[in-house]
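K.L.:
Let me begin by handing over the structure; questions about it come next.
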């Protein structure tokens, strides 16, 4: 079968590119071995945020006394929670799946695919032993959970980020390996559902890719809710009781100390790995980096003509929003444009309260050699946060003193994910921070604090 384009993977870039190409009258193959919609729709953004919303509602009900009312005992129906989550997933997946399958000139293949070489500029793709051919192939294959090589792990009934979304019992004790985004979000949610939770992180603080003060504040939030935090401990072996009732993890501390922790359930949330290894890229000569991300230029072209990589697999951002923007950038360029990846990375962590981040961290700013201005203020100084009894977290803003442009921002706290978006958009304009400093804020909001903060910028010490 010959196509004008073959798209491998149907995450948050592939389907939208397919729709636009088909609208131009091109014949397109969309190949997806799992479920159309990728991680976001099926086991990422949509289901996790649905679960987190249920957990927050339960948590707020328990906080009635803080706001002047009583609810009595809160009873969690975990089956109802999971039904709500899976109902929304089915709706979102069904909508996208039906959209794709209803298009003329779009052939949907329910299979995994891999390359089988290139002849005269035509790339050959094997799909269930059928060969598809095209001069243009777009890779949107994403990532999967990384399962570390820990002694005994393969003999244990462990959970991953996807399977925990289908868990229809509240664990007596959920042990989580990994203090990153998935570990923290799921840890807080299941603690609020009624599980005892322990999070194990091999680094000295949670969220090891963030500044230490962010990790420490996240720890404070979680500890105050009763979650057990064990930083600086690496899992070296795992075993399970014969009756399956208990999983025991052997730990080694940074100081060489040995300990164990046992629980009823184990979630492995240590990280994600690229799916590029499934594509037989060697047969067409596509290059990858040491983490197996597909190397692309600023226009998402690989080192091989006609082959592009979009979304998580290219290592230029492992988020739904970066994947979707990749589709926009590639589409503009396929139409003859000259658009390049030019973004200040912005993202959020959806524990409660959320963390919003954009641009440089404080650590990166200090290492940049620039003339840096910074301000940091706790959320407990913000009127709206006090009124809502939501005073965890802080603001941290970084500015280049010479250009007067924002370099980065952290908003950890109530509505932090939304507030940081203001700064992200503003950074894209390249405007001086002084314009925002003089702008009129709305009272009472979390964002109204921005002009005040910008008036307190000081050189980094």
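Laboratory data are not the source of any read-out in this text; all were calculated from the coordinates shown. In this text, all values refer to a predicted model and were calculated from it rather than measured experimentally. We place every Cβ from the backbone using ideal geometry, glycine too, and count neighbours over all the protein chains shown.
K.L.:
Multiply the residue separation of residue 163 and residue 386 by 0.36 nm, subtract the distance between their alpha-carbon atoms, and state the gained length in nm to one decimal. Write down the numbers at each step before the final one.
P.N.:
Numbers: separation 223, 0.36 × 223 = 80.28 nm, distance 3.76 nm.
Net length gain for the segment: 76.5 nm.
K.L.:
Tell me, how many Å apart are the Cα centres for segment 275-295 and for segment 180-233?
P.N.:
33 Å
K.L.:
In what sequence do 293, 443 fall when counting other Cβ within 10 Å, fewest first? Walk me through the numbers before you get to the answer.
P.N.:
On the way: 293 19, 443 8.
The most exposed by this proxy come first: 443, 293.
K.L.:
In terms of the Cα gyration tensor, with a ≥ b ≥ c the square roots of its eigenvalues, is the chain rounded because a/c is under 1.5, prolate because a/b exceeds b/c, or oblate? Present the calculation step by step, with values, prior to reporting the outcome.
P.N.:
Working: a/c = 1.70, a/b = 1.22, b/c = 1.39.
Taking the square roots of the gyration eigenvalues as a ≥ b ≥ c, the chain is oblate.
K.L.:
Distance from the Cα centre of segment 384-461 to that of segment 146-178, in angstrom?
P.N.:
Each part's Cα centre sits 38 Å from the other's.
K.L.:
Quick one: compute the contact order of segment 11-148, relative version, from alpha carbon pairs under 8 angstrom and 6+ residues apart, as a percent.
P.N.:
Working: 151 pairs, mean separation 43.3, N = 138.
The normalised contact order for segment 11-148 reaches 31 percent.
K.L.:
Which FRET efficiency value, to the nearest 0.05, is calculated for residue 122 and residue 439 with the Förster distance at 45 angstrom and r the Cβ-Cβ distance?
P.N.:
Values: r = 55 Å, r/R0 = 1.22.
In this case the efficiency is close to 0.25.
K.L.:
Which distance in nm do the two modelled labels at residue 252 and residue 78 give, with both placed 7 Å along the Cα-to-Cβ direction?
P.N.:
Placing both labels 7 Å along Cα→Cβ, they lie 3.3 nm apart.
K.L.:
Sticking with this structure for a sec: With contacts defined as alpha carbon pairs under 8 Å and 6 or more residues apart, what's the relative contact order of segment 260-306 in percent?
P.N.:
27 percent
K.L.:
Find the relative contact order for the chain and round it to a whole percent, using C-alpha pairs within less than 8 Å whose residues are 6+ positions apart. All intermediate terms of the calculation are to be shown ahead of the outcome.
P.N.:
Values: 954 pairs, mean separation 60.8, N = 461.
Computed over the chain, the figure is 13 percent.
K.L.:
Right, another one. For each of 110, 352, count neighbouring Cβ atoms within 10 Å of the residue's Cβ, then give the residues from fewest to most. Kindly include the intermediate steps, with their values, before the conclusion.
P.N.:
On the way: 110 14, 352 19.
So the residues, fewest neighbours to most, are 110, 352.
K.L.:
Can you put 323, 361, 212 in order of Cβ neighbours within 10 angstrom, beginning with the fewest? Show your work: numbers first, answer last.
P.N.:
Working: 323 27, 361 18, 212 15.
Placing the least packed residue first, the sequence is 212, 361, 323.
K.L.:
Take the alpha carbon atoms of segment 43-121, find their center, do the same for segment 353-372, and report the distance between the two centers in whole angstrom.
P.N.:
Here the answer is 32 Å between Cα centres.
K.L.:
Kindly provide the helix-only [θ] at 222 nm of the chain, computed as the sum of -39,500 (n - 2.57) over DSSP H runs of four or more divided by all residues, to the nearest 500 deg cm²/dmol?
P.N.:
On the way: 13 runs with 137 residues, N = 461.
Calculated mean residue ellipticity at 222 nm is -9000 deg cm²/dmol.
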